[in-house]
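No lab work stands behind these numbers, since they all come straight from the coordinates. Small disclaimer: the values here were computed from a predicted structure and weren't measured. Positions of Cβ are generated from backbone atoms using ideal geometry, with glycine treated the same way; all protein chains shown enter the neighbour counts.
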Amino acid sequence: MSCANCLNLKIQNFTYQELVAKWDEIYHPEAITGGYETRMRREAVSRGIPFDWIKVRHIYCAKGILSRFYIIRTWGLVKAKPAVVNCKYYC
């Protein structure tokens, strides 16, 4: 029973605005940290794409069990909250 096999684990490409909207949907009232914007700005510069157009792939728990969204470059879960065991939302 790991996050990697859970149907609530989602992979999705987000612009920064989409990421903030999804964050607010899952983690409201906790605000998104500034590190996401910084990372996406760096990615936009490195790809030569305007910040408003850049989309970065993230992996996240649709039920908000993981404490953050993770930027991924592979298809699998590379970082999971290690304390998640016997999650009541696992499916």
(request) Would you order 33, 15 from fewest to most other beta-carbon atoms within 10 Å of each residue's own beta-carbon? (result) 33, 15
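Would you kindly work out the equivalent ellipsoid of the chain from its C-alpha gyration tensor and give its semi-axes, the square roots of five times the eigenvalues, largest first in whole Å? Please report the intermediate quantities before stating the final value.
Numbers: eigenvalues 123, 42, 21 Å².
Three semi-axes, in Å: 25, 15, 10.
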(request) Please determine, in degrees from 0 to 90 and to the nearest 10, the orientation of helix 16-27 with respect to the longest principal axis defined by the Cα atoms of the chain, where the helix direction is its Cα long axis. (result) 20
(request) Please determine, in degrees from 0 to 90 and to the nearest 10, the orientation of helix 34-47 with respect to the longest principal axis defined by the Cα atoms of the chain, where the helix direction is its Cα long axis. (result) 50
